[in-house]
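No value in this document is a laboratory result; all are computed from the given coordinates. Given the structure is predicted, the values throughout are model-derived calculations rather than measurements. Here Cβ is always computed from backbone atoms with ideal geometry, including for glycine, and neighbour counts include all displayed protein chains.
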Amino acid sequence: SSKIEVTPEEIQQFLRSPDGQARLGVLYRIGHILIALPKAPTTEQILATQAKAEKIVTDIKNGATVKEESTLYSQSKNALQGGDLGWRTTAQLPPMFLPFVVKMKLGDVSAPIRNASGFHIITLMDKKNASNTQAIRLNALYIPFTGHTPTEVSEFQSLSQKLAVGDANWADLTKKFPLKGHASVADWVEVDALPPEVQKRLDTLSDRSISEPIASSSGWYIIQVVERKSAPSQTEQATRWIAARKFEEALELWQRHARLEAHIIYHE
């Protein structure tokens, strides 16, 4: 098998191309609300769900926040995080969102977008140059607020201390909080996708240390940084994308030859 090579000329050509600039030049932070449809919906159910989605769009345009509407109405897995999908390149966005996102200005909200799951509403929360991104490998526990009471504060302070001395571990937390919160073990996340309160704490938290409970606008976080890294440069990202495209082309060519050879042998 031959090695796939990417030349400097190919990289520069890709980076200058509209496709390259779209894939690597800009990151979009998207807010998402899903108003779900039942399986095999009736016409009445479709119309009612569409009307509900359109009212949410109107409410947002009239001053309601995406976070509020997502928490109240969305059936997406990001609902409790205010519908925040985090930072994504165009290649990482759901294809049905892409035509809307690239035309949006900051704060814009889409009309309901329908697919088999239901009606989707998206907003452009922010965008930036992809080269500014940093990533961390993080153990984290997130629990939505249930009242921000002294008892709640004490409970999470105790949990943080247990993690610090080894009386609790992150893997167990993923089983303990499957519904009312979320725990992750050694997941890579983009720093800018985290709440500002967590980002600020990361600046002073040493690696492998367990944070005290961090109160964000949506809930509690306890975090532990496992590893930090800068995002790959645009040149590195372009090299990977071009190599992947060349591999797919080579694989498709090989498959064509294999089918042709099988056809010839079958007819001999």
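With no solvent and one point per C-alpha, what does the Debye sum give as log10 I(q)/I(0) for the stretch 43-137 at q = 0.10, 0.13 Å⁻¹?
The calculated log intensity ratios at q = 0.10, 0.13 Å⁻¹ are -0.29, -0.48.
How about residue 162: which aspartates and glutamates have a C-alpha closer than 19 Å to its C-alpha, ignoring those fewer than 8 places off in the same chain?
152, 172, 207, 212
Near residue 215, within a Cβ-to-Cβ distance under 15 Å, what is the net charge of the other residues, with Lys and Arg +1 and Asp and Glu -1?
Once positives and negatives cancel, what remains is -2.
Taking the Cβ-Cβ separation of residue 252 and residue 13 as r and a Förster radius of 22 Å, what is the calculated FRET efficiency to the nearest 0.05?
0.55
Is there a pair in 103/229; 128/229; 67/229; 77/127; 128/200 whose C-alpha atoms are over 27 Å apart, and which pairs would that be?
Too far apart for the 27 Å limit: 103/229; 67/229.
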